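Trainee: Please find one structure pasted underneath; my questions will follow.
The values are calculated or read from the model by the stated rules, or taken from the named source; none is laboratory data. Given the structure is predicted, the values throughout are model-derived calculations rather than measurements. Virtual Cβ from ideal backbone geometry, glycine too; neighbours counted across all protein chains shown. Surface accessibility is based on the protein's heavy atoms, side chains included, excluding ligands, DNA and RNA. Shrake-Rupley method; radii C 1.70, N 1.55, O 1.52, S 1.80 Å.
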Amino acid sequence: GYKYKVLIVDDGSTDDTRQVLKDLARKYSVLRIGYAQNGGLGFALRYGFNYLIPKIGNADLVVTMDADNTGDLGILGVMIAKTSDFDVVLASPYTDGGALVGVPFLRRALSRIANLFDLVIFRIKGVRTYSSLYRVYRGQKLKELREIYRRRYLTEDGFGAVVELLLKLHRIGAKICEVPAVV
């Protein structure tokens, strides 16, 4: 029941991403933007946000997620509903009811250790997963973030960009919550 557009940031994929997107575009409203060489997750986020932020309204919602089918679309409705009270909603395997399933032990262990460091260092109330890319943002907060920080709203090119983005949103007063996710 939502009106939506899908924006794919193609980060220099060398697989069949372009053909998959062409096939999807026949059925859905899908727009591909991208560049030739992978610049990292932060580069892709910045590229996408630079394209998107000038085009969105304050009441619009922006959903970010990986295109590798690890995001549970079944919780998206819950995430969207939470934006009536929150500016940023994170999908979290570490909050009550969330879980990491089928993830190799070493990756789970590294994720937990990194997450513990984030919890101890950053201490955002109600946040247990700083590295979640599956998020819903209120357009107004993204516009405000870019207005305050200008070109420096997102400086990290790698995976640390998701943490940087969350911290800067928190600093400007964004209300943030999590919903349980099974990843």
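Trainee: Out of the residues in the range 140-161 that are under 17 Å from Leu61 (Cα atoms) and out of contact with any helix residue (DSSP H, G or I) (no Cβ under 7 Å at 6 or more places or on another chain), which is most open to solvent (accessible area, probe 1.4 Å)?
Mentor: So, considering only residues that are under 17 Å from Leu61 (Cα atoms) and out of contact with any helix residue (DSSP H, G or I) (no Cβ under 7 Å at 6 or more places or on another chain), the one most open to solvent (accessible area, probe 1.4 Å) is Gln140.
Trainee: Now for a different question. Find all pairs meeting these conditions: Cβ atoms under 9 angstrom apart; at least six residues apart or on different chains; first residue within the range 155-174 and over 12 Å from Phe122 (Cβ atoms) and touching a residue at least 60 places away in the same chain (Cβ under 8 Å); second residue in a helix (DSSP H, G or I) and of a type in the set (Val, Ile, Thr).
Mentor: Glu156/Val162; Glu156/Val163
Trainee: Could I ask something else about it? Which of the residues that make up the range 125-149 are of a type outside the set (A, V, I, L, M, F, W, C) and at pLDDT 95 or above?
Mentor: Hits for the range 125-149 are Tyr134, Arg135, Tyr137, Arg138, Gly139, Gln140, Lys141, Lys143, Glu144, Arg146, Glu147, Tyr149.
Trainee: All but one of (1) closer than 26 Å to Gly160 by Cβ; (2) open to solvent by 90 Å² or more (accessible area, probe 1.4 Å); (3) among the aliphatic types (A, V, I, L, M) hold for Ala59, so report the exception by its number.
Mentor: Here Ala59 clears every test but (1).
Trainee: Could you say which residue among Val78, Val89 is aliphatic (A, V, I, L, M), under 13 Å from the mean Cα position of the chain (by Cα) and at pLDDT 95 or above?
Mentor: Just one listed residue meets the conditions, Val89.
Trainee: Quick check on this structure: which one of Phe159, Phe117, Phe122 is among the hydrophobic types (A, V, I, L, M, F, W, C) and closer than 22 Å to Asp11 by Cα?
Mentor: So the residue among Phe159, Phe117, Phe122 that is among the hydrophobic types (A, V, I, L, M, F, W, C) and closer than 22 Å to Asp11 by Cα is Phe159.
Trainee: Does at least one position in the range 87-110 carry a residue that is open to solvent by 30 Å² or more (accessible area, probe 1.4 Å), farther than 26 Å from Leu142 by Cα and among the β-branched types (Val, Ile, Thr)?
Mentor: yes
Trainee: Scan the range 2-29 for residues that are surrounded by 16 or more Cβ atoms within 10 Å (Cβ to Cβ) and under 18 Å from the mean Cα position of the chain (by Cα) and jot them down.
Mentor: Selection gives Leu7, Ile8, Val9, Asp10, Asp11.
Trainee: Could you list, in sequence order, all residues of the range 62-75 that are at pLDDT below 95 and surrounded by 17 or more Cβ atoms within 10 Å (Cβ to Cβ)? First the steps, then the outcome.
Mentor: Within the range 62-75, the subset at pLDDT below 95 is 65-74.
Once the filter is applied, which keeps residues that are at pLDDT below 95 and surrounded by 17 or more Cβ atoms within 10 Å (Cβ to Cβ), the range 62-75 yields Met65, Gly71, Asp72.
Trainee: Among Tyr137, Tyr130, which is touching a residue at least 60 places away in the same chain (Cβ under 8 Å), under 22 Å from Asp11 (Cβ atoms) and surrounded by 15 or more Cβ atoms within 10 Å (Cβ to Cβ)?
Mentor: Among Tyr137, Tyr130, only Tyr137 is touching a residue at least 60 places away in the same chain (Cβ under 8 Å), under 22 Å from Asp11 (Cβ atoms) and surrounded by 15 or more Cβ atoms within 10 Å (Cβ to Cβ).
Trainee: Continuing with the same structure: So is Asp118 at pLDDT below 95 and open to solvent by 20 Å² or more (accessible area, probe 1.4 Å) or not?
Mentor: yes
Every residue, every condition in (1) without any contact (Cβ under 8 Å) to a residue 40 or more places away in the chain; (2) under 19 Å from Lys3 (Cβ atoms), yes or no:
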residue	(1), (2)
Gly57	no, yes
Gly77	yes, yes
Gly97	no, no
Asn115	yes, no
